[in-house]
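All remarks here apply to the structure that follows.
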C-alpha cells in the first residue's frame, strides 16, 4: 500500500464501475439485511444513507467508484463474525476495507454488497520486547507500531510512503513494501502470525509464536490475498533493533540510464543497502518545490542510497557506493551530514507522490517490478511510450528491487484522457512482464491490473487460483471481481490483441 496516487482535486466524479461482474447472487431483501445487521451492531455502526456511504465509494484509486449498499463498522471480532455470517446466509458480497489508501481498487465496494470497515480495530494488543514481536489489530497504522516501540530501541521495518495513514491489515492484504524493503523485505517477511475469519465466520490462526510452524505455509498464502480468502482480525508482526547508524548518500545523474546502471552496479558489488530509491527530473522538481529537501533540480535522475548497520561497516560501504556512483557517471554525490538531513532526504522521497499532484490535475500511479539488470532499457522504453502517447510520466520508485512506480500525468476533465492513460499503463505493465518481471510489486491487482493477470499467468495457473479461492470462499462472496480474472475475461482480453491468428503485444515482442 502506498500514498493516495490518483490526485483529482478538480476532476469530475470517478467512473461508477466494476471491471468484472461481482456476483450472480442478489440479496433477497435489503431491509431484511439491515434488520439482521442492526441486531448485531451498535446503533451507529451501520450506514445506509447515500451521504454516509459516499466516503467509502473508492480507495486510493479514485478513478473508479462504486457506492456500497451498506457500510458496517464493527469494533469486536464477534461483530465481524456476525456480519459475515449474516451476509453469507443471504448471499451478499462483502468487501473488507482498512484505511482506504490502497492503489489498485482492492477496496472498491460492490453496489449490492456490504463494505466492512476495520477502522475501529486500532489497538496494539501486546508488545513482547524479549521476542521482538507486537500483536496488533488490523486497523493499527503502520507508523504507529514503530512509534510505540521506539523507546525499546525497536521498529517495524516495512515503510510504505503512506505509512502515516495506511493500516497494517491493508499492508498484509496487499503485501506492502516501502523504501526499506530491499534489505528487510516486504510485509510477508515481517509478520509471524495472523488470525482471520472466513466468510462462514470460522476463526483461523496461521503461523505461530515460533519462527516456523508445521503444515502448509498459510501465513504466506494469506499475505497478498487481497481480501479474497478471509477477513484479518489480528496480526503478530516482527520487530527489529534500530541500527547503530544509518546514513544516506544522494547522487545526481545527467542521464536516467546511467542512474539505472548504477543501481545494478551497487547490487552487483555485493552491497545490500537498506534502501535504494530513484527519482527522475519531473519527480525531483515536484518533491523539491514541495519539501525543500535540497535535491538538485537540474539532474535528470537522483539516487538515494541508505546504508545501515554498525558504524565501521557503514563507513566502508559509503566509500564503496560513492566510488560506484562516480564510475557510473554521477555528476555529484553527497552524504547526509546528520540525522536531520537524512530525514529530509527521505521526506522528499516519501512526499514525491503527492508532490507530483502539483504538476497536473490528475495522475495514475503504476506498480510493476522488473529484474534490476533491465532498469536502464525499461526506463528508456517508458520514455518512448510516454512520448508516443503524448502523456508525461514521472518516475519515482524502489530501484534496488526493481519495483517501478511510473506516474502518468493526465487531465480527467479532457474527454478520452483517462482511457489513453489506462492504455499507456497497460503497456507499461506488459513491458514489465516482457522482461521477466511482474505486474505488481506491492500495490496488488485489485480491479486495476486484472486484465494484465491474463498476460502474467497461464489459463491453468488461473484455474488453480480459482480453486484455492473456492476452498476458502465457495460462493465467491469475499471481494468478488478482484485480483483473479475469469478465463472468459482473459479470452476476451486476448482477442483484443489478436490479428491474423497471432497474438500481438508489441512491447513483449520488442524485448
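The values are calculated or read from the model by the stated rules, or taken from the named source; none is laboratory data. Source: prediction; values computed, not measured. We place every Cβ from the backbone using ideal geometry, glycine too, and count neighbours over all the protein chains shown.
One residue stands out among those in segment 145-162 that are under 19 Å from residue 440 (Cβ atoms) and free of Cβ contacts under 8 Å to residues at least 40 places away in the same chain: the one that is surrounded by the most Cβ atoms within 10 Å (Cβ to Cβ), which is 158. What are the residues in segment 117-144 that are surrounded by fewer than 17 Cβ atoms within 10 Å (Cβ to Cβ) and part of a loop (DSSP other than H, G, I, E, B), if any? Within segment 117-144, 119, 120, 123, 129, 130, 131, 132 meet the criteria.
For segment 427-441, the criterion of being without any contact (Cβ under 8 Å) to a residue 40 or more places away in the chain, out of contact with any strand residue (DSSP E or B) (no Cβ under 6 Å at 6 or more places or on another chain) and part of a helix (DSSP H, G or I) is met by no residue.
Would you confirm whether or not segment 87-95 contains a residue that is within 19 Å of residue 202 (Cα to Cα), crowded, with 24+ Cβ neighbours inside 10 Å, in contact with a strand residue (DSSP E or B) (Cβ under 8 Å, 6 or more places away or on another chain) and assigned by TED's automatic domain parsing to the domain that holds residue 224? Even if it seems obvious, please write down each step before you answer.
The initial filter retains those residues of segment 87-95 that are within 19 Å of residue 202 (Cα to Cα), namely 87-95.
Add one more test, that the residue is crowded, with 24+ Cβ neighbours inside 10 Å, and what stays is 87, 92-95.
Checking which are in contact with a strand residue (DSSP E or B) (Cβ under 8 Å, 6 or more places away or on another chain) leaves us with 87, 92-95.
Then drop every residue that is not assigned by TED's automatic domain parsing to the domain that holds residue 224, which leaves none.
Within segment 87-95 (the criterion being within 19 Å of residue 202 (Cα to Cα), crowded, with 24+ Cβ neighbours inside 10 Å, in contact with a strand residue (DSSP E or B) (Cβ under 8 Å, 6 or more places away or on another chain) and assigned by TED's automatic domain parsing to the domain that holds residue 224), the answer is no, since none of the residues qualifies.
Where helices (runs of 4 or more DSSP H) sit wholly within segment 1-116, those with at least 2 residues that are under 30 Å from residue 488 (Cα atoms) and at pLDDT 95 or above occupy 77-90.
Mind listing whichever residues of segment 481-492 are surrounded by fewer than 23 Cβ atoms within 10 Å (Cβ to Cβ) and not in a helix (DSSP H, G or I)? Steps first, please.
We begin by selecting, within segment 481-492, every residue surrounded by fewer than 23 Cβ atoms within 10 Å (Cβ to Cβ); these are 484, 486-492.
Hits for segment 481-492 are 484, 486.
The rows are residues; the columns are (1) closer than 28 Å to residue 334 by Cβ; (2) modelled with pLDDT of 95 or more; (3) over 15 Å from the mean Cα position of the chain (by Cα).
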{"site": "190", "(1), (2), (3)": "no, yes, yes"}
{"site": "210", "(1), (2), (3)": "no, no, yes"}
{"site": "255", "(1), (2), (3)": "yes, no, yes"}
{"site": "261", "(1), (2), (3)": "yes, no, yes"}
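Tell me, which residue of segment 34-63 that is over 22 Å from residue 86 (Cβ atoms) and crowded, with 17+ Cβ neighbours inside 10 Å is farthest from the chain's Cα centre (by Cα)? Looking at the filtered set, the residue picked out is 57.
For the condition part of a loop (DSSP other than H, G, I, E, B), touching a strand residue (DSSP E or B) at 6+ places or on another chain (Cβ under 9 Å) and farther than 18 Å from residue 133 by Cα, residue 227 qualifies.
From the list 391, 359, which residue is in a loop (DSSP other than H, G, I, E, B), crowded, with 16+ Cβ neighbours inside 10 Å and modelled with pLDDT under 95? Explain how you work it out, then say what you get.
Details: 391 fails: modelled with pLDDT under 95.
None of the other options fit; the residue is 359.
Scanning segment 466-511 for residues that are on the phi > 0 side of the Ramachandran plot and modelled with pLDDT under 90 gives 500, 501.
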